[in-house]
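The values are calculated or read from the model by the stated rules, or taken from the named source; none is laboratory data. Here the structure is a predicted model, which means the values were calculated and not measured. Positions of Cβ are backbone-derived with ideal geometry, glycine not excepted, and every protein chain shown enters the neighbour counts. For accessibility, only protein heavy atoms count, side chains too; no ligands or nucleic acids. Shrake-Rupley method; radii C 1.70, N 1.55, O 1.52, S 1.80 Å.
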Amino acid sequence: MSWHLLGAGSLGSLWAARLSSAGHSVELILRNEQRLTDYLRAGGLQVRQGEQVQRHALPAGLASDPVPIRRLLLACKAYDAASAIASVASRLQPDSQVILLQNGLGSQQAVADLLPQSQCIGASSTEGAYRENDFQVVFAGQGHTWLGTSPASPAPDWFGELASASIPASWVDDIDARLWRKLALNCAINPLTVLHDCRNGGLRAHESEVQTLCDELCQLLARCAPEAAIGLHETVWQVINATAANYSSMYQDVQQGRRTEIDYLLSHACRSAEQHGLTLPALNQLQQRLQHHLQQRGLPCR
Ligand code: NAD
Ligand code: KPL
């Protein structure tokens, strides 16, 4: 059975390249005729890892193509997920499976609401990739991807294809908690790196601010995904230290004038707190400061 990829950007290209190299059939779905022409002119996807460059001339088409989709990897940003899925919804079959490779929370539910007949599989990844140019991707950091459904279900029969393609992945029965945990890490680190204009390691100079955010995030997790709260403070500092020389993904988005995923990270946390009747002043203030910062740079606040 073919894999279809919607969202041939950094992470999506990495998955497509590895699956195809392992002999699995993969077809890209590009946004429009212009992107398809650009892709064909580029001669396929290019993936660079260190000095090694590989080209993958995978077949590509458009959302409007008639071929049914049985297994879809959706690898766009969280804010594009619902509209991207809407563009292929008529091609999905009642037994289709859709892997949602989005960071944060909120977009998965939006997609699931649009696809009541499909099985939506959440994914949380620590792999690192970025785009050098259109259809040219750099594999920047080894990582792992956790996949699963909510409520939990057994691993699908194709799951072994990921291992055969050297995509490090585990099937888990607590994907929501894993997504919450990653969201909490991103909320404790990313906005502050933007507001303090620093690398992750620069947050060591703002210890009490980080600690207060972790305190409030633990209160929120205690309501939404209690197991994700365990050891949050320690993990946040471990990540800050392990990635001290890096700029967070949100910092890089803002620097490059790109829309951030704030609505699916910090704003999702603030909305969830409100829904649970929790008052989390530091988190709310952080959201306001970040939104103001984005607004001043002409970037969307959501
Ligand atoms: P990206 O911007 O590099 O790629 C997204 C791609 O989706 C783009 O090529 C865009 O053109 C395409 N797209 C959007 N809407 C589309 C549509 N309607 N039809 C066709 N294509 C469409 O994004 P990314 O960095 O790969 O991130 C994807 C998700 O994975 C994000 O939620 C991100 O937070 C998460 N993530 C990324 C990394 C990373 O290292 N890049 C790591 C972990 C998690
Ligand atoms: O995921 C990250 C990001 O930059 O988005 C880390 C490195 C964990 C910082 O929050």
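Some values worked out for this structure:
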read-out: DSSP bridge orientation in the range 42-135 - percent antiparallel, rounded to nearest 5; value: 35
read-out: Probe 1.4 Å - accessible area at His206, Å² to nearest ten; value: 50
read-out: Inter-site label distance for Gln34 and Gln211 at 7 Å from Cα along Cβ, in nm; value: 5.2
read-out: Nitroxide proxy distance, nm - points 7 Å out along Cα→Cβ at Arg48 and Arg259; value: 2.8
read-out: Average Cα contact separation per residue, the range 9-71, under 8 Å, 6 or more apart, as relative contact order %; value: 35
read-out: Under Karplus coefficients 6.51, -1.76 and 1.60, residue-wise ³J(HN,Hα) of the range 27-33 in Hz, glycine/proline x; value: 10, 8, 10, 9, 5, 7, 4
read-out: Distance from the range 119-184 to the range 257-302 (C-alpha centre basis), Å; value: 25
read-out: Charge dipole (debye, nearest 20) of the chain; +1 at Cβ of Lys and Arg, -1 at Cβ of Asp and Glu; value: 580
read-out: Residue-normalised accessible area of the range 177-296, given per residue in Å² at a 1.4 Å probe; value: 45
read-out: Shape parameters for the range 3-173, alpha-carbon atoms, Rg then Dmax in Å; value: 15.0, 44
read-out: Helix-only CD estimate at 222 nm, as mean residue ellipticity for the chain, using -39500 (n - 2.57) per DSSP H run (n ≥ 4); value: -13000 deg cm²/dmol
read-out: Relative contact order (percent, whole number), the range 185-302, Cα cutoff 8 Å, 6+ residue spacing; value: 33
read-out: Computed E for Ala57/Ala222 - FRET, C-beta separation, R0 41 angstrom, nearest 0.05; value: 0.25
read-out: Farthest positive-ward along the range 68-152 dipole, Cα basis, beta-carbon charges - from Ala140, Ser96, Ala123; value: Ser96
read-out: Normalised contact order of the range 3-173, rounded percent, pairs of Cα under 8 Å and 6 or more residues apart; value: 23
